[in-house]
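Undergrad: Structure incoming, see below.
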Amino acid sequence: MANNFEDICEIRKSDQLGRQIFVRRFLVANRDIKPGELILAEDPIVVGPYWDADISCLGCLGPASRTCRVCLKGPLCRDCSRHDPVECSFYEQASKLNKNFLFDHFNIITPLRCLLLYRSDRDKYNEMMAMESHFESRRDTEIWHIHNQYVVEPMLNEKDFQQIDDLTVTGELLQRICGILDVNTFEIRGNMDSQGVQMNNLARGLYPKTSLMTHNCQTNTLIAVDGMSKLRLYSSIGIKAGELLYYNYTRVLFSTFERQTHLRKGKYFICNCARCSDPTELGTHLSSLKCTACDDGLCVFHTETPKWECLTCGHQLPREYVNQIMCEARDDISSCALDSRNLEKVIGKHSKTLNPHHSLVLEAKQSLAGELRNMCMSYDIHNVPRQALKRKLELCEEMLQILRVLDPGVSRLTGIALYEYHAALVDLSRRNHDIGEIKTPELLERLKLSEAALKEAIGMLVFEHRTTPEGQLTKKAMCELKELREYIQKVQAMEEDERTDRQVRGKCNINVGKCKK
């Protein structure tokens with residue numbers, strides 16, 4: 001551990017947490033924790049590919065191009081000459097295992113790595129098996145049958161997988177391990193190849209202490225994983241002594257229905273946090289629909305009734321109508337080509353039936369912002385269409401307004417949105433000044449606003465490791481902050497020169513007036 005975790009947090013046990021969320025263990029702050037403070041640094045006990053991932057190198061999880069020369073079964077990339085020795089030895093000794101087995105059944109890789117902990121590190125194996133799997137809740141569900149088809153049956157049909165030392169491998173043991181992985185793993189996005197270059201693939205790691213955090217749709221922590229798979233947990237806001245440590249196990253911009261569906265299917269509980277309990281989603285209306293009976297009303301869903309009811313006039317939307325417009329929106333957004341014109345049409349259409357801040361509309365707006373960013377990058381800085389810059393700025397302002405509420409404090413999404421906001425504001429202000437639409441004092445004011453946004457973005461993204469996309473963005477943002485400050489100095493000098501010129505012209509005009517008199 002890189003810090004004294006026990007001084008900061010305490011692991012407590014309870015049969016019940018909240019009204020419906022049953023847990024065994026959770027984390028509580030032992031003392032006040034400042035925003036941005038490091039709470040925990042933890043290495044994974046297992047790292048492996050995501051479920052249903054493409055075949056990748058067992059060494060670095062990059063694209064595989066050959067087979068290990070030792071075990072003759074494990075996929076490797078061109079740069080990796082080896083993978084885990086215990087794993088390699090196991091495959092080497094599995095003499096009856098077909099050489100293409102791992103290529104045909106790649107989903108077994110991470111579960112098998114969990115099993116091999118029994119051989120390589122019994123303490124870690126026991127620590128893993130103590131983690132929550134929701135075993136009985138998963139039994140005979142869809143995910144149970146999927147794991148049975150792609151993990152349990154392929155492994156138990158091979159004699160080499162049926163025994164690990166004195167551990168007998170059963171279907172129930174494999175299902176429990178699959179459950180532990182599904183419930184407790186965290187995404188690793190900054191893993192590097194043998195040359196220290198970031199890989200584009202995604203991996204997952206099992207972090208026992210971090211996984212103890214309770215879910216809340218408004219998190220008070222931030223997770224960052226470096227290129228060597230070490231996870232660091234920071235406080236995103238101030239946490240008082242005695243308060244629980246929370247992490248959002250869903251996506252911030254999911255609607256309540258989407259979040260609840262994800263948690264019910266993947267984590268096996270229903271969330272009762274402040275956001276989930278508020279039909280307006282803390283005033284952001286990510287789930288609300290436009291009322292068909294009045295002009296300005298928004299209909300929210302009341303779970304107790306259950307019904308869609310307008311906050312303004314009390315009109316209730318028929319369930320059939322709600323299902324219809326939601327299906328239409330999902331179909332339009334999923335089938336919409338990544339083209340700014342098509343996206344604008346989809347956004348305009350569904351803003352009228354859903355609402356401009358509905359989660360599905362925001363999804364389309366995020367896609368549009370990405371398209372506009374790519375468009376801006378494809379042009380010379382002086383030739384970027386002003387309308388594209390203006391629209392990008394509007395989208396960033398709208399996204400920031402929502403993220404400030406739903407993801408307060410240090411936030412990866414807010415940091416990215418702030419960076420994009422600053423970039424659009426600088427470019428648009430410069431263009432508007434060049435064509436005389438704004439004067440130098442207003443340009444300076446907007447540049448200082450951009451500087452503040454960029455500084456805040458860096459303050460949020462600085463926790464990200466340099467091997468992640470956000471870490472690379474932080475490095476870029478720091479360089480741009482230096483350039484922006486130099487530009488601000490030039491504009492300040494320009495403003496002083498213009499002020500001096502105005503004063504000189506003013507004196508000349510006064511003198512001319514006196515001469516005429």
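The values are calculated or read from the model by the stated rules, or taken from the named source; none is laboratory data. Owing to the predicted nature of the structure, the values given are computational and were not obtained by experimental measurement. FYI the Cβ positions are ideal-geometry reconstructions off the backbone, even for glycines, and counts take in every protein chain you see. Only protein heavy atoms, including side chains, enter the accessible area calculation; ligands, DNA and RNA are left aside. Shrake-Rupley method; radii C 1.70, N 1.55, O 1.52, S 1.80 Å.
Undergrad: Using amide H atoms built 1.01 Å from N in the peptide plane, name the residues 5+ places from residue 214, or on other chains, whose amide H lies under 5 Å from its own.
TA: For residue 214, the qualifying residues are 27, 245, 247.
Undergrad: What residues have an amide H closer than 5 Å to that of residue 298, excluding those fewer than 5 places away on the same chain, when H is modeled at 1.01 Å from N in the peptide plane?
TA: Amide H to amide H, under 5 Å and 5 or more residues apart or across chains, residue 298 pairs with 291, 311, 312.
Undergrad: Expressed as a rounded percentage, what relative contact order does the range 46-192 have, with Cα pairs under 8 Å and six or more residues apart?
TA: Over the range 46-192, the number comes to 20 percent.
Undergrad: Just the Cα atoms of the range 46-192: what Rg and Dmax do they give in Å?
TA: 14.7, 43
Undergrad: Moving on to the next point. Which one of 188, 62, 154 has its Cα pushed farthest toward the positive end of the charge dipole of the range 46-192, where Lys and Arg give +1 and Asp and Glu give -1 at the Cβ?
TA: Value: 62.
Undergrad: Could you please report the charge total around residue 117, scoring K, R as +1 and D, E as -1 over all other residues with beta-carbon less than 12 angstrom from its beta-carbon?
TA: Charge balance near residue 117 sits at -2.
Undergrad: Let me ask another. Over 31 Å apart: what share of the alpha carbon pairs of the chain falls there, rounded to a whole percent?
TA: Everything past 31 Å amounts to 58 percent.
Undergrad: From the phi angles alone, apply the Karplus equation (6.51, -1.76, 1.60; θ = phi - 60°) to the range 129-146 and give each ³J(HN,Hα) in whole Hz, x where the residue is Gly or Pro.
TA: Using θ = phi - 60°, the values come out as 5, 7, 6, 5, 10, 6, 4, 5, 5, 7, 4, 6, 7, 4, 5, 4, 5, 5 Hz.
Undergrad: Could you order the peptides 307-313, 248-254 from most to least packed, using the average number of other C-beta atoms within 10 Å per residue?
TA: 248-254, 307-313
Undergrad: For the range 218-275 and the range 29-97, write down the distance between their C-alpha centroids in whole Å.
TA: First find each Cα centre; the distance between them is then 25 Å.
Undergrad: While we're here: Give, rounded to the nearest 20 debye, the magnitude of the charge dipole that the range 46-192 has about its Cα centre when Lys and Arg contribute +1 at Cβ and Asp and Glu contribute -1 at Cβ.
TA: The calculated dipole for the range 46-192 is roughly 600 debye.
Undergrad: Could you tell me which residue out of 324, 313, 143 lies farthest along the dipole of the chain toward its positive end? Charges go on the beta carbon: Lys and Arg +1, Asp and Glu -1, centred on the Cα centre.
TA: With unit charges placed on the Cβ atoms, the residue in question is 313.
Undergrad: Another one. Can you list residues whose amide H is under 5 Å from residue 50's amide H, if they're 5+ apart or on another chain and H is modeled 1.01 Å from N?
TA: 204
Undergrad: Let me check I've understood the local charge: for residue 457, count other residues with C-beta under 13 angstrom from its C-beta, Lys and Arg +1, Asp and Glu -1. What total comes out?
TA: It works out to a net charge of -2.
Undergrad: Whole angstrom only: what separates the Cα centroid of the range 394-440 from the Cα centroid of the range 120-179?
TA: 48
Undergrad: While we're here: Could you please state how large a percent of the accessible area of the chain is carbon and sulfur, counting protein chains only and using a 1.4 Å probe?
TA: Here it works out to 49 percent.
Undergrad: Calculate one ³J(HN,Hα) per residue across the range 410-422 by plugging θ = phi - 60° into the Karplus curve 6.51 cos²θ - 1.76 cosθ + 1.60, and present them in order as whole Hz with x for glycine and proline.
TA: Working through the residues one at a time gives 5, 9, 4, 5, 5, x, 5, 5, 5, 4, 5, 4, 4 Hz.
Undergrad: Tell me the relative contact order for the chain as a rounded percent, counting alpha carbon contacts under 8 Å between residues six or more apart.
TA: 13
Undergrad: Bin width 5 Å, alpha-carbon pairs only: give the P(r) of the range 1-130 as whole percents, running from 0 to the bin holding the largest distance.
TA: Bins of 5 Å from zero give 2, 9, 14, 16, 14, 12, 9, 9, 9, 5, 1, 0 percent of pairs.
Undergrad: Per-residue HN-Hα couplings for the range 154-159, Karplus 6.51 cos²θ - 1.76 cosθ + 1.60 at θ = phi - 60°, whole Hz, x for Gly and Pro?
TA: My calculation for the range 154-159 gives x, 6, 6, 7, 10, 4 Hz in order.
Undergrad: So, one more: Would you mind counting up the charge near residue 215? Only other residues with Cβ under 10 Å from its Cβ, with Lys and Arg at +1 and Asp and Glu at -1.
TA: +2
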